[in-house]
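The structure appears right after this line, and notes come after that.
The values are calculated or read from the model by the stated rules, or taken from the named source; none is laboratory data. Everything numeric here is computed off the predicted structure, so don't read it as measured data. Heads up, the Cβs are rebuilt from the backbone with ideal geometry, glycines too, and the neighbour counts pull from every protein chain shown. Heavy atoms of the whole protein, side chains included, go into the accessibility calculation; ligands, DNA and RNA do not. Shrake-Rupley method; radii C 1.70, N 1.55, O 1.52, S 1.80 Å.
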Amino acid sequence: MGGQGKTTLAKQIYKNDKVVRHFDERIWVSVSDDFEDKRILNEMVQSLKQINPQLSNMEGILKELRKHLDGKKYLVVLDDVWNEIPEIWESLRDALLEIGGSSESKVLVTTRSSNVALTMHSRDRTHPLKHLSVDDSGIMFKQKAFAKGGTVETRDLGDIGREIVKKCRGVPLAIKVVGGLMYSKKSRDEWLSVQDSQLWELPENVTGVIRRILQLSYDHLPSSSLKQCFAYCSILPQDSKLKKDNLIHLWMALGWLHPSESHLTMEDVGSNYFDILLWNSFLQDLPNSIGKLKHLRYLDISETNVKTLPVSINKLYNLQTLRVKYLTGVPEKFGNLINLGHLIFEYGGRSGDCTIDGIGQMTCLQTLPFFAVSRDKGCQIEDLGGLNDLKGKLKIFGLEDVRTTEEAKKANLLKKSHINALQFHWSGGEEENTSEVVPEEKNTHEHVLEGLTPHSNLKRLRVQNFRGRNFSSWMMMPSQSSIVLRNLVDIKLNDCSCSEQIPTLGHLTCLKFIQINGLHNLKRIGAEFYGHNAEGATGSGRGVSAGGAMFPALRKLTLVNLPGLEEWFEAVHPSPSLKVFPCLEELELLCLSKLSMVPSHFPAIKDLSIRGINVAAVLQKMSCKLTTLTSLVMECLEGSDLQLLMEELLGRNISLKNLQIWNCPNFSYLPIQKLVALETLRIRRCDDLTSISDEIGGLTSLKEFGLFRCEKLTCLPKGLESLVSLESLMSRTELP
């Protein structure tokens with residue numbers, strides 16, 4: 001039975017000084033009816049690390065627990081356990097044994113069911129709680145009813161109080177609730193009305209006592225708006241932790257806080273309501289079915305482990321905002337929630353697995369993180385057509401189930417002016433052999449992308465697993481993209497493995513970030529990329545930005561995993577005054593094994609990262625003009641010219657603050673004496689490195705110096721004692 005004080009007693013044990021000193025670690029987990037070993041172990045990790053890791057892999061969870069508990073003496077309290085299935089308990093017990101804690105570790109369990117003790121094979125070690133004695137009941141009641149600031153104890157009220165206490169039958173929660181109720185009752189008549197309430201006449205059993213007293217206390221709440229606020233709390237999961245300010249803000253949003261005096265704010269009223277509910281012990285017990293809260297407008301269950309929504313949620317016709325952490329499914333007829341404006345998934349996971357039945361009816365929707373097309377489940381792209389109030393970010397999954405341009409146009413993205421970020425996802429593609437993609441499929445993808453033309457307010461675009469040869473005309477043709485993509489800030493093209501060209505982007509005046517990743521069939525980057533003459537307008541300068549620059553706002557460019565890319569051409573300048581990449585500060589060239597030609601004009605580059613490229617072809621061309629670098633990261637570079645090219649590059653970029661060289665053979669000496677601004681230097685697995693400049697002592701700004709597994713390095717450089725700013729020196733290299 002609930003309300004007997006099991007949790008209270010367990011907390012007193014948990015916090016007892018002797019217990020604290022006896023155990024190395026103490027862990028508290030509120031279990032309730034969700035006895036799932038992975039969740040419980042995850043909460044143990046959370047209790048130990050004071051963060052919410054949400055690890056999904058059991059081995060990862062056990063690894064974390066071993067890290068904190070192996071060989072230690074620990075106490076785990078499992079509060080309010082309902083599970084009576086032996087196999088489920090044994091799964092958790094086996095996991096606890098795997099952790100490797102001390103044999104003196106203990107598990108303390110609170111439960112309402114004696115069968116739980118049998119399930120855990122610990123019936124001989126149980127401690128059933130008895131009801132409070134009459135005297136102890138009276139003491140507890142007085143502590144609540146006659147507390148400072150409340151009713152003053154008189155002989156009459158004391159006598160009435162003793163009669164009320166008898167009706168509580170020694171149940172601690174019942175005594176606390178009724179004591180809290182009487183705290184605000186000042187007159188003898190008010191006390192008698194509680195003593196003589198007809199609710200006491202209902203059939204007698206201990207559970208009924210608690211229910212009657214909770215009903216009695218609820219009926220005596222001082223206002224209907226306070227009752228509404230309490231009813232809202234009933235949707236919160238059992239044992240959830242309430243943040244007072246968050247709850248008050250939600251009550252405010254629902255319009256339930258009405259100051260009766262001019263000097264009070266809604267926050268003041270909410271704070272008072274919270275204190276009343278807390279004092280009356282209402283915030284310890286939250287029953288009721290969510291489907292009964294027909295006037296509910298805001299529901300946030302993002303801090304719970306809820307993954308599927310109950311059918312009863314379809315009755316919340318007035319619901320305006322629903323926040324969920326991770327959703328794997330919604331009930332049929334979810335589209336009945338026609339007033340829902342914000343459907344928010346704070347963690348999407350494999351969002352494409354979740355389709356939303358009837359979403360086309362939900363025309364008030366403004367926030368929808370993802371939409372999944374599925375012919376099998378009856379979710380069509382045209383269901384998006386009427387949702388023209390959508391705002392912010394939208395991810396569309398399952399585009400392989402869309403067949404034609406006309407079908408894609410039914411999503412009506414062109415009319416959705418409030419969407420500023422779009423992601424288009426086709427399934428597969430990451431590991432797929434492009435030779436196995438049939439022409440029909442390539443054509444279908446091209447037709448679909450053509451029909452997904454967005455509104456010109458779009459700022460961020462991501463295309464994932466597209467398998468067409470050519471991107472859409474609204475991406476490739478400056479005459480169209482200069483209108484459709486005129487506000488674009490960020491574009492990512494990932495695993496578009498069949499694409500043979502990249503879009504025309506150089507004329508877009510707002511574009512700051514470009515990422516091109518996994519375009520296996522891309523062999524060249526030419527004039528079409530820059531926008532100049534991309535449509536054959538010889539000498540016209542068509543596609544160049546109005547300010548006379550190509551990529552006038554670009555800050556970061558990433559080219560990664562393009563195994564077929566051989567040539568990246570210079571921009572064709574129609575006039576000497578035309579600028580190219582005038583604002584580009586960060587360039588990443590990663591895993592471009594065939595690249596043999598690159599541009600040389602990067603006037604503003606500060607951060608350069610290169611990995612897995614042809615050193616002679618790339619660095620030689622770039623290094624002759626680069627003088628602005630502040631960060632250089634080189635990894636997996638080979639070539640006989642590496643030593644010479646590195647000397648040239650480091651000699652010209654004396655403002656470098658960060659230098660990292662990993663897995664680069666074919667250079668034996670590191671000339672860093674001119675890098676007086678250098679703050680971080682890390683060298684890892686450079687097999688041919690034999691020496692570092694002895695003038696390293698002149699690098700007075702150096703804060704971090706790391707050497708890792710450079711096997712031919714025979715000694716550290718001289719002058720380390722002069723590094724006055726050095727905070728970290730790490731060496732994993734065996735020196736004689």
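Compare the peptides 629-642, 489-502 by average per-residue count of other Cβ atoms within 10 angstrom and give them in order, highest first.
The most tightly packed comes first, giving 489-502, 629-642.
Need the full-extension length gain, K130 to S427, defined as separation in residues times 0.36 nm minus the C-alpha distance. One decimal, nm.
Here the segment from K130 to S427 would lengthen by 100.9 nm.
Assuming R0 = 30 Å, what is the FRET efficiency of D694 and E638, from their Cβ-Cβ distance, to the nearest 0.05?
After rounding, the FRET efficiency stands at 0.65.
Taking only Cα atoms, what is the 0 to 90° angle, nearest 10, from helix 58-69's long axis to the longest principal axis of the chain?
70 degrees
Report, in degrees rounded to the nearest 10, the 0 to 90 angle that the Cα long axis of helix 86-99 makes with the longest principal axis of the chain.
That helix lies at roughly 60 degrees to the long axis.
Which residues' amide hydrogens lie under 5 Å from the amide hydrogen of N614, considering only partners 5 or more residues apart or on another chain, with H built in the peptide plane?
Distant-sequence amide H within range of N614: L595.
Only Lys, Arg, Asp and Glu count, each charged at its Cβ (+1, +1, -1, -1), so figure out the dipole size of the chain about its Cα centre, rounded to 20 debye.
The dipole magnitude comes to about 1600 debye.
Given H placed 1.01 Å from N in the peptide plane, which residues other than close sequence neighbours of E84 have an amide H under 5 Å from its amide H?
none
Could you tell me the relative contact order of the range 13-109? Use alpha-carbon pairs under 8 Å, at least six residues apart, and round to a whole percent.
Computed value for the range 13-109: 35 percent relative contact order.
Work out from phi, with θ = phi - 60° and the Karplus expression 6.51 cos²θ - 1.76 cosθ + 1.60, the ³J(HN,Hα) of each residue of the range 597-607, listed in order in whole Hz, and give x for Gly and Pro.
Residue by residue, the range 597-607 yields 9, 9, x, 10, 9, 10, x, 10, 4, 10, 10 Hz.
Take the Cα gyration tensor of the chain, multiply each eigenvalue by 5, square-root it, and list the three semi-axes largest first, rounded to whole angstrom.
For the chain, the semi-axes come out at 63, 37, 24 Å.
Send over a whole-number figure in Å² for the accessible area per residue of the range 127-202, probe 1.4 Å.
57 Å²
Using 21 Å as the Cα-Cα cut-off, could you pick out the over-long pairs in K15/K244; K144/K167; K227/K307; K144/K185?
Over 21 Å apart, Cα to Cα: K15/K244; K227/K307.
Let me have the relative contact order for the range 643-736, percent, based on Cα pairs under 8 Å that are six or more residues apart.
It comes to 24 percent, rounded to a whole number.
Given a 1.4 Å probe and every protein chain left where it sits, what share in percent of the accessible area of the chain is carbon and sulfur?
Of the solvent-accessible surface of the chain, carbon and sulfur hold 48 percent.
Over 26 Å between C-alpha atoms is what I'm after, so list which of K512/K579; K556/K594; K410/K556; K18/K72; K556/K657; K294/K395 land there.
Distance filter (> 26 Å) returns K410/K556; K294/K395.
Order of 320-329, 65-74 by packing, highest average Cβ count within 10 Å first?
So the order, starting with the most tightly packed, is 320-329, 65-74.
Helix 172-183 sits at what angle to the longest principal axis of the chain, using alpha carbons and giving 0 to 90 degrees rounded to 10?
80 degrees
Setting aside same-chain residues fewer than 8 positions from K67, which lysines have a Cα under 16 Å from its Cα?
Straight-distance partners of K67: K49.
Given the peptides 93-103, 690-700, 177-187, arrange them by the average over their residues of other C-beta atoms within 10 Å, most packed first.
The densest-packed peptide leads the list: 177-187, 690-700, 93-103.
How many nm is it between the label spots at H121 and D70, if each spot is 7 Å from the Cα in line with the beta carbon?
2.6 nm
What FRET efficiency comes out for the pair N663/C715, r = Cβ-Cβ distance, R0 = 25 Å, nearest 0.05?
The pair N663/C715 has a calculated efficiency of 0.70.
If you stretched the chain out fully between V724 and K186, how much longer would it get, using 0.36 nm times the residue separation minus the C-alpha to C-alpha distance?
Taking 0.36 nm per residue and subtracting the Cα distance, the gain is 186.3 nm.
Counting alpha carbon pairs within less than 8 Å and at least 6 residues apart, what relative contact order, in whole percent, applies to the chain?
Reported relative contact order: 4 percent.
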